[in-house]
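The values are calculated or read from the model by the stated rules, or taken from the named source; none is laboratory data. None of these values were measured; they are calculated from a predicted model. No Cβ is skipped: glycine too gets one built from the backbone with ideal geometry, and neighbour counts run over all protein chains shown.
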Amino acid sequence: MKKLLTGIVIFFVLTGIVHAGDGPAVVSQELAKVTTSWNGAELPAYPAGTPEITILRIEIPAGTVLPRHKHPVINAGVLLQGELTVVTDEGDRLHLKAGESIVEVVDTWHYGMNEGADTAVIIVFYAGVAGVPVTVR
């Protein structure tokens, strides 16, 4: 019986549904699981060194164009509010709306802009190495 219950719990965890006692079910939704960035480029291997995770909450006012930059480390985010457009030097373009995720380009020059009417709010997770900046301008 214990093995059957364990199998049922694993099934619910893998399908994103977890029920804890008499309370409401906890729902897990996978937003991204990829090996490429949003423009289709393969993600690089993680660099050697002491791992360092950085999490930023970034607010981009309406009408703002961010400076051209690149990220030497893998990063991904979720747009919580507003809209955001990302454009690479090669002309690749991605438009995000609230609730959508992004796996950002690595070592690729690009910029972002908020063409919407509201402030864009994004949470970004950087998987870096101690001593290496997450953004280069």
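Return the total of residues in segment 103-137 being in a loop (DSSP other than H, G, I, E, B) and either of a type in the set (Phe, Trp, Tyr) or modelled with pLDDT under 95 (or both).
Within segment 103-137, residues that are in a loop (DSSP other than H, G, I, E, B) and either of a type in the set (Phe, Trp, Tyr) or modelled with pLDDT under 95 (or both) number 1.
Which ones in segment 34-65 are free of Cβ contacts under 8 Å to residues at least 60 places away in the same chain and over 18 Å from ILE122 (Cα atoms)?
Result: THR35, GLY40, GLU42, ALA45.
How many residues does segment 121-135 contain that are touching a Lys or Arg at 6+ places or on another chain (Cβ under 9 Å) and outside the structural domain of GLY63 (by TED's automatic domain parsing)?
1
Under 6 Å by Cβ, and 6 or more places apart or on different chains, what pairs join a residue from segment 66-88 that is without any contact (Cβ under 8 Å) to a residue 60 or more places away in the chain and assigned by TED's automatic domain parsing to the domain that holds THR119 with one that is of a type in the set (Ser, Thr, Tyr) and assigned to a loop (DSSP other than H, G, I, E, B)?
Once the first residue is without any contact (Cβ under 8 Å) to a residue 60 or more places away in the chain and assigned by TED's automatic domain parsing to the domain that holds THR119 and sits in segment 66-88, its partners that are of a type in the set (Ser, Thr, Tyr) and assigned to a loop (DSSP other than H, G, I, E, B) give GLY82/THR119; THR88/THR108.
For segment 50-100: of the residues being small (Gly, Ala, Ser) and farther than 22 Å from PRO133 by Cα, which is surrounded by the most Cβ atoms within 10 Å (Cβ to Cβ)?
GLY82
List the pairs whose first member sits in segment 95-118 and is of a type in the set (S, T, N, Q), whose second member is crowded, with 20+ Cβ neighbours inside 10 Å, and whose Cβ atoms are under 9 Å apart, counting only residues at least 6 apart or on separate chains?
SER101/GLY77; SER101/LEU79; THR108/SER37; THR108/HIS71; ASN114/ILE60; ASN114/GLY82; ASN114/LEU84; ASN114/ALA120
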